[in-house]
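Take a look at the structure set out below.
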Amino acid sequence: MHAILAFTPILLAIILMVWANWPANKSLPLALLLTGIISFLVWKMDIRNIFAYSIFGVLKSFDVLITIFGAILIL
């Protein structure tokens, strides 16, 4: 049950971008909002932890972007 709930924001993003033909800048914030709602209601996370992990995810994405940018420069 928890695995299905954890997969629903990803499924929402896929459905909105593929079938509804929404751009990523509209569908991904909705998936983030759904993730926050699920983590608050189902897993009983604190609001501060939800925001902190969201900021951590944004900062962690810079590592991936730097790696991809470095690979493109080497190519």
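A compact table of results
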{"quantity": "Selected residue [hydroxyl-bearing (Ser, Thr, Tyr) and closer than 24 Å to ILE4 by Cβ] from SER61, SER54", "calculated": "SER54"}
{"quantity": "Residue ID - surrounded by the most Cβ atoms within 10 Å (Cβ to Cβ), chosen from residues in region 47-63 that are of a type in the set (Val, Ile, Thr) and at pLDDT 95 or above", "calculated": "ILE50"}
{"quantity": "LYS44, sole failed condition from (1) in contact with a helix residue (DSSP H, G or I) (Cβ under 9 Å, 6 or more places away or on another chain); (2) surrounded by fewer than 10 Cβ atoms within 10 Å (Cβ to Cβ)", "calculated": "(1)"}
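The values are calculated or read from the model by the stated rules, or taken from the named source; none is laboratory data. Only a predicted model underlies this, so the values are computations on that prediction, with no experimental measurement involved. Please note: Cβ atoms are built from the backbone with ideal geometry, for glycine as well, and neighbour counts cover all protein chains shown.
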